[in-house]
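For reference, the structure discussed in these notes is given below.
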Amino acid sequence: MRPIRSWFTVLFLALTAVAAPPCAATGVVQQASASSHGSGFALALRSGATLAPPKILDFSSDPVGLTRMVGDQDGAERRKDTTADVTYELQAEVLFAKDSARLSDTARSRIAVIAQEIDQRSATRVRVSGFTDDLGSSVHGDDLSKQRAAAVRSVLADELQPETVTFETHGFGERHPVASNATEDGRKKNRRVEISLAQAGS
């Protein structure tokens, strides 16, 4: 029996060597560096292959799709989809002049496009929320964010049928930042208006 067992062992080792992926010896696959967390897991690409560039989607592309987060090139507009709701986030600079709640004509046109998408979704409840950075007094930030939310709500109401849509308007001031207020870039992201509506069936 011992010679037969040895023969099976030799056969098994031979098959294992033949079945080993040739890329380990030929270098066809280039290994990415190991995870910084020390797990030892690495990604691999074929030799000469590259990843596709990131794709920025427009708000109007696939408004009822499953996209989680899309935005324009400079981050001034974003749309976030969850299983519960859809939120359109517009930076204050694209809507208002500094320290103002008066909408520009361009801003009104952009809000009108969002109103069309809201109408396509047959939404019956829309939340409009205003936010500021932490510069200035919190009282001023609260008032300005309320005024800006109300201005956006007014345009939406003009574009939609008010008898079929219920609006909630909030001004949160400097509360609920999405970035650090320690830099101007972060403060710019925090100065925003969000328009939210429930997903169909939610």
Starting from the eigenvalues of the Cα gyration tensor, five times each then square-rooted, give me the equivalent ellipsoid semi-axes of the stretch 69-198, largest first, whole Å.
23, 16, 14
For an R0 of 22 angstrom, estimate the FRET efficiency from the Cβ-Cβ distance between Thr83 and Gln161 and round to the nearest 0.05.
0.25
With a cut-off of 8 Å between alpha carbons and a minimum separation of six or more residues, what is the relative contact order of the stretch 108-183 in percent?
43 percent
Under the Karplus curve 6.51 cos²θ - 1.76 cosθ + 1.60, θ = phi - 60°, whole-Hz ³J(HN,Hα) for the stretch 87-92, x wherever Gly or Pro sits
10, 9, 10, 10, 5, 4
Stretched out fully, how many nm does the piece from Gln120 to Gln147 gain, at 0.36 nm a residue minus the Cα gap?
7.0 nm
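Take the Cα atoms of the stretch 153-202, build their convex hull, and give its volume per residue in Å³.
Values: hull volume 5.8 nm³, N = 50.
So the per-residue hull volume is 116 Å³.
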Of Val165, Val139, Val152, how do they rank once you tally other Cβ atoms within 10 Å and put the fewest first?
Val139, Val165, Val152
Fewest first, what order do Leu90, Leu135, Leu160 take by the number of other Cβ atoms within 10 Å?
Leu135, Leu160, Leu90
Contour excess over end-to-end distance, with Cα ends at His170 and Ala97 and 0.36 nm allotted per residue
24.3 nm
Taking Asp142, Asp105, Asp99 and counting other beta carbon atoms within 10 angstrom, the fewest-first order is Asp105, Asp99, Asp142
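Every number in this text was worked out from the coordinates using simple rules, so none of it is lab data. What you see is a predicted model, and the numbers here were worked out from it, not measured in a lab. Backbone-built Cβ (ideal geometry, glycine too); neighbour counts: all protein chains shown.
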